[in-house]
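Visitor: Please find one structure pasted underneath; my questions will follow.
The values are calculated or read from the model by the stated rules, or taken from the named source; none is laboratory data. If you're wondering where the values come from, they're calculated on a predicted model, not measured in any experiment. Counting neighbours? That spans all protein chains shown, and the Cβs are built from the backbone with ideal geometry, glycine included. Side chains are part of the model used for accessible areas, which takes the heavy atoms of the whole protein and leaves out ligands, DNA and RNA. Shrake-Rupley method; radii C 1.70, N 1.55, O 1.52, S 1.80 Å.
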Amino acid sequence: MTTYSLKYGRGAVTFDVPPTWETQTLKYREPDAVAAEEALSRALEQPIGQKPFREWIREFRNVLIIVPDVTRYAGMERILPVLYDDYLKGVTPRIIFALGNHRKQTAEEQRGIVSNFIYDRISCFDHDCFNNDVLYSLGRTTSGLEIKVNQALLQADAAIVTGSVNFHYLAGFGGGRKSIFPGIAGYETILGIHKKVFREDRPGKHELAKSGSLTGNPMHEEIMKAVGLIKTPLYLINTVLNDKKDFLHIFAGDIREAHLEGCAWYEKHFAVRTEEKADVAIVSSGGFPKDINFIQAHKAIEHAMGAVKDKGTVIVNGKCEDGLGNQDFLRWFDYATIAEMEPHVRTADKVYAQTAYATRYKAERCNILLVSDLTDAQTVKMGMTPCKTVQEAIKSADDGTKKLCYIIPDGSNTLIL
């Protein structure tokens, strides 16, 4: 009998599967790490759909650098010093942290994101999506959504948009255009973009508003319509990193073309194709911090959905040491059914309502057994079954019949196709 081990919080758990189960482990094909400076130089000298960076930057004086906040690690503390020393001579840069609707950051957090070297040389400030005094309207998209962004983008001669490519359960992929929308957008704009994940012709979430999907994804397409309203010249620098914070690739150039190429590369390496859907999937978020709370652990559940049949079983290994991730998250499950819940989520002024809705949808499609630090009452209210251990969950799912089981060690980063 084979013993398996999966990350759980800051440690790991082990378990065995029944002999009647045919088991396969689904792992992505992570490439080798690359040297950051070498990768950056190559990306900027051979950009995608844009002039080489040195040629592009010499046309501008005042440049805004858009940098992800503390929740979206992109390796900027290593990228920005090189950019400053080797490429930004004669330029006056400012850095705005793309908070979206996240909390304000401390000075220590800001310093940690960009490095001491950069923090002491470049003016850095947080975006505030609620402050109308710093927002400027770019107009409306064809859907009628008003697009407001931080006026610092309009005051600059040009902007460097930084971020990191990864999967996103609504927009398809993170990185690229998301550093602007929702990164430095107004709150109503952020909400309007997120609400595009719902179907307009009938109830329910749009089937293409999911991880790994760009073409036909209504949230991504609305963001790109908003990007089309920006007149300020933009230059994209997106990293790809592994869990050890090693650089795997850097994509630079046109905000559309370079992002698309980055997403295609990421899917090639971090998606796994299966020939058939399994009866059971055992998925780990990948350990801390990917399972620090349920909202983060949900990403692994999202990806595991691609591995199992309808009415199949998903065993989720996510510690959630900080609880749900938002003190108001659980109230969205007060509604008796997903049909009753949906109209309230559509009009909600809280983005995490989307995660609650997505959780409810998954719990109705599959039998989800959750191994975590959450209370039994919290788990049950979300429509899932609490288990103390993975082994207990396996015992619950085993009825003595032959089953196909997929084990997914890093569900947060693994897209199952």
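Visitor: Please compare each pair in 210/290; 277/311; 210/309; 245/299; 195/290 to a cut-off of 21 Å on the Cα-Cα distance and tell me which ones are over it.
Guide: In this structure, 195/290 lie more than 21 Å apart at Cα.
Visitor: Now a separate question. I need the trypsin sites (Lys or Arg not before Pro) found in the stretch 1-50, filtered to DSSP loop residues with at most 10 other beta carbons within 10 Å of theirs. Could you put the intermediate results ahead of the total?
Guide: Details: sites: 7, 10, 27, 29, 42; in loops: 10, 27, 29.
Those that pass, being in a loop and sparsely packed, are 29.
Visitor: So, one more: Have a look at 206, 250, 336 and report the one farthest towards the positive end of the charge dipole of the chain, computed about the Cα centre with Cβ charges (Lys/Arg +1, Asp/Glu -1).
Guide: So the residue furthest toward the plus end is 206.
Visitor: How much accessible surface does residue 274 have with a 1.4 Å probe, in Å² rounded to 10?
Guide: Answer for residue 274: close to 30 Å² accessible.
Visitor: Further, regarding this structure: Local charge sum around residue 270 (other residues, Cβ-Cβ under 11 Å, Lys/Arg +1, Asp/Glu -1)?
Guide: Result for the local shell: 0.
Visitor: Net charge near residue 143: determine it from the other residues with C-beta under 11 Å of the C-beta of residue 143, scoring Lys and Arg +1 and Asp and Glu -1.
Guide: 0
Visitor: To the nearest 10 square angstrom, how much accessible area does residue 333 have with a 1.4 angstrom probe?
Guide: Rounded to the nearest 10, that gives 10 Å².
Visitor: Given the convex hull of the Cα atoms of the stretch 265-364, what is a quarter of its surface area in nm²?
Guide: 7.7
Visitor: For residue 174, what residues show an amide H to amide H distance below 5 Å, using hydrogens built from the backbone and excluding near sequence neighbours?
Guide: For residue 174, the qualifying residues are 166, 167, 168.
Visitor: Here's something else I'd like to know. Among 229, 285, 307, whose Cα sits farthest toward the positive end of the charge dipole of the stretch 228-318 (+1 at Cβ of Lys/Arg, -1 at Cβ of Asp/Glu, about the Cα centre)?
Guide: 229
Visitor: Counting each DSSP H run of 4 or more residues in the chain as -39500 (n - 2.57), what helix-only mean residue ellipticity at 222 nm follows after dividing by all residues, to the nearest 500 deg cm²/dmol?
Guide: -8000 deg cm²/dmol
Visitor: Can you give me the long-range amide H partners of residue 126? Hydrogens built in the peptide plane at 1.01 Å from N, cutoff under 5 Å, separation of 5 or more residues or another chain.
Guide: Residues meeting the amide H criterion: 97.
Visitor: For residue 89, which aspartates and glutamates qualify as cross-link partners when the Cα separation must be under 16 Å and same-chain residues fewer than eight apart are set aside?
Guide: Reachable aspartates and glutamates: 55, 59, 157.
Visitor: For the stretch 1-129, list log₁₀ I(q)/I(0) at each q in 0.09 Å⁻¹, using the Debye formula over Cα point scatterers of equal strength and ignoring solvent, two decimals each.
Guide: Computed log10 I(q)/I(0) values: -0.44.
Visitor: Please report the spacing between the Cα centers of the stretch 274-288 and the stretch 217-255 in Å, no decimals.
Guide: Distance between centres, Cα-based: 28 Å.
Visitor: Which value in Å does the Kirkwood hydrodynamic radius of the stretch 105-151 take, with 1/r averaged over all unlike C-alpha pairs and then inverted? Please list the in-between numbers first.
Guide: Working: mean 1/r = 0.0779 Å⁻¹.
Radius from the Kirkwood sum: 12.8 Å.
Visitor: Mind listing the phi-derived Karplus ³J(HN,Hα) values for the stretch 284-299, rounded to whole Hz, using 6.51, -1.76 and 1.60 with θ = phi - 60°, and x for any glycine or proline?
Guide: 9, 5, x, x, 5, x, 5, 10, 4, 8, 5, 4, 6, 5, 4, 4
Visitor: With a 1.4 Å probe and all protein chains in place, put 239, 106 in order of accessible area, largest first.
Guide: From most exposed to least exposed: 106, 239.
Visitor: For the stretch 293-417, what does the accessible surface come to per residue with a 1.4 Å probe? Please give it in Å².
Guide: Details: 4920 Å² over 125 residues.
Per residue, the stretch 293-417 has 39 Å² of solvent-accessible surface.
Visitor: Quick one: 3J(HN,Hα) in Hz for the stretch 324-339, Karplus 6.51/-1.76/1.60 with θ = phi - 60°, rounded, Gly and Pro as x.
Guide: 6, x, 7, 5, 9, 4, 5, 5, 5, 9, 5, 6, 5, 9, 5, 5
Visitor: Let me ask you something else. If you place +1 on the Cβ of every Lys and Arg, -1 on the Cβ of every Asp and Glu, and leave all else neutral, what size is the dipole of the chain about its Cα centre, to the nearest 20 Debye? Can you show the working numbers first?
Guide: Numbers: 51 positive and 53 negative charges, 82 e Å.
So the dipole magnitude of the chain works out to roughly 400 debye.
Visitor: What is the ratio of the Cα radius of gyration of the chain to 2.2 N^0.38 Å, where N is its residue count, to two decimals?
Guide: 1.00
Visitor: Sequence-distant or interchain residues sharing an amide H contact under 5 Å with residue 23, placed H: which?
Guide: 405
Visitor: Further question: Run the count for the stretch 315-417, please: Lys pairs, Cα-Cα under 21 angstrom, 8 or more apart or on different chains.
Guide: 10
Visitor: Starting from the stretch 173-218, pick out the trypsin sites (Lys or Arg not before Pro) whose DSSP state is loop and whose Cβ has at most 15 other Cβ atoms within 10 Å.
Guide: Answer by residue number: 199.
Visitor: Let me test this: with uniform point scatterers at the alpha carbons of the stretch 74-153, what is the Debye-based log₁₀ I(q)/I(0) at q = 0.15, 0.17, 0.19, 0.26 1/Å?
Guide: Debye curve over Cα of the stretch 74-153, log10 I(q)/I(0) at q = 0.15, 0.17, 0.19, 0.26 Å⁻¹: -0.65, -0.78, -0.89, -1.23.
Visitor: What list of ³J(HN,Hα) values in whole Hz, one per residue of the stretch 54-62 in order, does the Karplus curve 6.51 cos²θ - 1.76 cosθ + 1.60 (θ = phi - 60°) give from phi, with Gly and Pro shown as x?
Guide: Here the 3J(HN,Hα) series is 4, 5, 5, 6, 5, 7, 10, 10, 9 Hz.
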